[in-house]
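Accompanying notes for the structure given below.
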Amino acid sequence: MQKNILIIGACGQIGTELTYSLREKHGSEIVVASDIREGDQPLMDSGPFELLDATDYDALEEVVAYYEIEEVYLMAAMLSATAERFPMRAWNLNMNSLFNVLNLAREKKVSKIFWPSSIAVFGPNTPKNDTPQNTIMEPSTVYGISKQSGERWCEYYHNKFDVDVRSIRYPGLISWKTMPGGGTTDYAVEIYHKALVEGTYTCFLNKDTSLPMMFMDDAIRATLELMESDPEDIKVRSAYNLSAMSFTPEEIAERIQKHIPDFTIDYEPDFRQAIADSWPSSINDEKAQTDWGWKADFDLEKTTVEMLTQLKR
Ligand SMILES: NC(=O)c1ccc[n+]([C@@H]2O[C@H](COP(=O)([O-])OP(=O)(O)OC[C@H]3O[C@@H](n4cnc5c(N)ncnc54)[C@H](O)[C@@H]3O)[C@@H](O)[C@H]2O)c1
């Protein structure tokens, strides 16, 4: 029997592509997209949509009951760069939306949850290279503090109330269908757009800032694979480390120059540099590989070819 699915924050960078993928896989009618705002027309036309504020428990409960939802993907959040500007709003959105969904599952109104964490759970005292699954975390950003707290609550609800919640610490995500929503790794999307349109880009991070990144297709596939895994195989109920590639702004620029030789880049680091400096350079994802067979497909070259090809259209 098909299970009805609700995506919250469906109009964002990840939610948009997740909605398309889930609709392609299960059929449009059983995948309900929701967001606090309307999305692009193609997304709005692709299946059922509800305007929904994730912090409003009663409204959420109503949508879940109306569509007989079994599975929820909670993608609404305030991201790292924006959260530094609005700390309390970020905390309220990121935590209250999560509690609402966890409590629905505790009350057996939904049976399975996906909630994304982030590499932002790590901080300046975390080992920077090949960062292990279990290590010192101590995040120093508002966003990272909310994600780490979220992880602790997910594990708690699983252990105490048998809630089937699953999570991934996404790295910076690169995609061409939707623009990123206020994160510290947004430069790795903007750079492709600027390279094609203006032939030049001013990067808000230093040239040698290495960060973990992933192409969106890999991130969506990881999400679906984790959600389809046997519950017995999911040993981590906080969030899994996940890795694909790491590169610096200089390295991505050099890669683009192989395809657009005249492309130029300069660097004007802003407040986002401090956020990036507090995060790992590379991530160890052995646990995800062992528990549910994770393996990335896109490296920097494959990502660059795909981004430039798709954006040119
Ligand atoms: N994009 C990345 O690189 C990345 C990396 C790590 C983790 N994540 C996590 O993945 C999730 C999705 O990220 P994204 O990049 O798609 O973010 P995004 O900012 O692009 O999208 C978030 C969506 O949530 C919606 N939203 C905001 N407030 C809402 C509310 N009160 N109720 C309902 N919807 C609301 C927004 O309108 C937006 O469409 C977030 O939890 C984020 O922390 C993203």
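Table for the structure above
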quantity	calculated
Verdict on D270 being surrounded by fewer than 20 Cβ atoms within 10 Å (Cβ to Cβ) and not in a strand (DSSP E or B)	yes
Residue within region 243-256 that is among the aromatic types (F, W, Y), part of a strand (DSSP E or B), open to solvent by 10 Å² or more (accessible area, probe 1.4 Å) and in contact (Cβ under 8 Å) with a residue 12 or more places away in the chain present	no
Every residue from region 21-30 that is within 16 Å of the ligand (Cβ to nearest atom) and either open to solvent by less than 30 Å² (accessible area, probe 1.4 Å) or without any contact (Cβ under 8 Å) to a residue 60 or more places away in the chain (or both)	L22
Total residues in region 174-213, condition assigned to a strand (DSSP E or B) and in contact with a Leu (Cβ under 6 Å, 6 or more places away or on another chain)	0
Residue match in region 58-73 (condition: modelled with pLDDT of 95 or more, closer than 21 Å to E155 by Cα and touching a Pro at 6+ places or on another chain (Cβ under 9 Å))	yes
Members of region 53-62 found to be within 11 Å of the ligand (Cβ to nearest atom) and surrounded by fewer than 22 Cβ atoms within 10 Å (Cβ to Cβ), listed by number	D53, T55, D56, A59
Sole residue being of a type in the set (D, E, K, R), in contact with a Lys or Arg (Cβ under 7 Å, 6 or more places away or on another chain) and surrounded by 15 or more Cβ atoms within 10 Å (Cβ to Cβ), chosen from E70, E50, E84	E70
Tally, over region 112-142, of residues that are in contact with a strand residue (DSSP E or B) (Cβ under 6 Å, 6 or more places away or on another chain), of a type in the set (S, T, N, Q) and either open to solvent by 60 Å² or more (accessible area, probe 1.4 Å) or within 15 Å of the ligand (Cβ to nearest atom) (or both)	3
Any hit, region 190-210, residues being within 10 Å of the ligand (Cβ to nearest atom), touching a residue at least 12 places away in the same chain (Cβ under 8 Å) and open to solvent by less than 50 Å² (accessible area, probe 1.4 Å)	no
Cβ-Cβ under 8 Å pairs, at least 6 apart or on other chains, region 160-180 side over 15 Å from A239 (Cβ atoms), far side more than 13 Å from the ligand (Cβ to nearest atom) and assigned to a loop (DSSP other than H, G, I, E, B)	none
Flag for S97 being within 10 Å of the ligand (Cβ to nearest atom), touching a helix residue (DSSP H, G or I) at 6+ places or on another chain (Cβ under 8 Å), of a type outside the set (D, E) and touching a residue at least 60 places away in the same chain (Cβ under 8 Å)	no
Among the candidates I174, I145, residue that is at pLDDT 95 or above, open to solvent by 60 Å² or more (accessible area, probe 1.4 Å), within 16 Å of the ligand (Cβ to nearest atom) and of a type outside the set (S, T, Y)	I145
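The values are calculated or read from the model by the stated rules, or taken from the named source; none is laboratory data. This structure is a prediction, so every number in the text was calculated from the model and none was measured. Heads up, the Cβs are rebuilt from the backbone with ideal geometry, glycines too, and the neighbour counts pull from every protein chain shown. Areas reflect the complete protein model, heavy atoms only, side chains present, ligands, DNA and RNA absent. Shrake-Rupley method; radii C 1.70, N 1.55, O 1.52, S 1.80 Å.
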